[in-house]
Amino acid sequence: MSTPKDLPKHIKAILAAVGEDPKREGLAKTPERVSKAFQFLTQGYKQNIKTLLNDALFTVPYDEMVIIKDIDVYSLCEHHLLPFFGKAHVAYIPNGKVLGLSKVPRLVDMFARRLQVQERLTVEIAEAITEAIKPRGVGVIIEAMHFCMIMRGVEKQNSVAVTSCMRGAFRDQQQTRDEFLALIKKRHNGLG
């Protein structure tokens, strides 16, 4: 079975297989660089929710929507190992507990730093929040551009994939869903 230390050897073989000379000056250190990049881009496999949340769950008498929007998302498509990138918008309605605000983007990163499909990424984020704090509802929307559609295949440079996962009040109550959608569209002066 291969280990991370075997990655440079495999990258070197890929370079040779596509017709390159892995010993060429510009490529001599590429296997090590690609290996380090892949380990960084897939570090989510080495993380777990319990450690990531690190007890940053707080009892707070707040029962209105909490939204963290425009979270940068960078991931690798599991079908072609090409990047996809965009924005995640995450909302939940507390049920006695809230997450530390920085934990939501960290959850997004943890799942994005794995080989992914956007649909599964969206659901994993929603399920992790549901499991952690049992909110009255969770909504996750991801808007992303996929290099597998931009650089190859259909070559549609301006296409954006949008996925959503709605749980609890976000699924059952149209007014809650509409409020979430309206708030993520709203731009604030001086805030991004």
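Does any residue of segment 65-72 turn out to be touching a Ser or Thr at 6+ places or on another chain (Cβ under 9 Å), assigned to a loop (DSSP other than H, G, I, E, B) and surrounded by 16 or more Cβ atoms within 10 Å (Cβ to Cβ)?
Scanning segment 65-72 turns up at least one residue that is touching a Ser or Thr at 6+ places or on another chain (Cβ under 9 Å), assigned to a loop (DSSP other than H, G, I, E, B) and surrounded by 16 or more Cβ atoms within 10 Å (Cβ to Cβ).
Can you tell me which residue is surrounded by the fewest Cβ atoms within 10 Å (Cβ to Cβ) among those in segment 100-134 that are of a type in the set (Ser, Thr, Tyr) and farther than 15 Å from GLY86 by Cα?
Step by step, filter segment 100-134, then rank; the result is SER102.
Quick one: in segment 103-145, which of the residues that are small (Gly, Ala, Ser), more than 20 Å from ALA161 (Cβ to Cβ) and part of a helix (DSSP H, G or I) is nearest to the chain's Cα centre (by Cα)? Break it down into steps so the answer makes sense when it comes.
Step one: filter segment 103-145 for residues small (Gly, Ala, Ser), giving 112, 126, 128, 132, 137, 139, 144.
Keeping just the survivors that are more than 20 Å from ALA161 (Cβ to Cβ) gives 128, 132, 137.
Of the ones still in play, those that are also part of a helix (DSSP H, G or I) are 128, 132.
Values: ALA128: 12, ALA132: 18 Å.
The extreme case among them is ALA128.
Would you check if there is a residue in segment 162-179 being aliphatic (A, V, I, L, M), closer than 24 Å to LEU82 by Cα and out of contact with any Pro (no Cβ under 7 Å at 6 or more places or on another chain)?
yes
Among ASP70, ASP55, which is the only one that is of a type in the set (D, E, K, R) and touching a residue at least 24 places away in the same chain (Cβ under 8 Å)? Break it down stepwise before answering.
Values: ASP55 fails: touching a residue at least 24 places away in the same chain (Cβ under 8 Å).
Just a single option satisfies the conditions, and that option is ASP70.
Would you check which residues across segment 15-62 are surrounded by 13 or more Cβ atoms within 10 Å (Cβ to Cβ), assigned to a helix (DSSP H, G or I) and polar (S, T, N, Q) and list them?
Those that are surrounded by 13 or more Cβ atoms within 10 Å (Cβ to Cβ), assigned to a helix (DSSP H, G or I) and polar (S, T, N, Q): THR30, SER35, GLN39, GLN43.
Any chance you could count how many residues in segment 46-78 are modelled with pLDDT under 95 and either over 25 Å from ILE133 (Cα atoms) or among the small types (Gly, Ala, Ser) (or both)?
Total meeting the criteria: 1.
Tally up the residues in segment 146-192 that are outside any helix (DSSP H, G or I), exposed (fewer than 15 other Cβ atoms within 10 Å of the Cβ) and free of Cβ contacts under 8 Å to residues at least 40 places away in the same chain, please.
14
For LEU76, state whether it is on the phi < 0 side of the Ramachandran plot, open to solvent by less than 40 Å² (accessible area, probe 1.4 Å) and not in a strand (DSSP E or B).
no
The values are calculated or read from the model by the stated rules, or taken from the named source; none is laboratory data. Fair warning: this is a prediction, and the values are worked out from it, not measured in the lab. We place every Cβ from the backbone using ideal geometry, glycine too, and count neighbours over all the protein chains shown. For the accessible areas, the whole protein counts, side chains as well, though only heavy atoms, and no ligand, DNA or RNA atoms are used. Shrake-Rupley method; radii C 1.70, N 1.55, O 1.52, S 1.80 Å.
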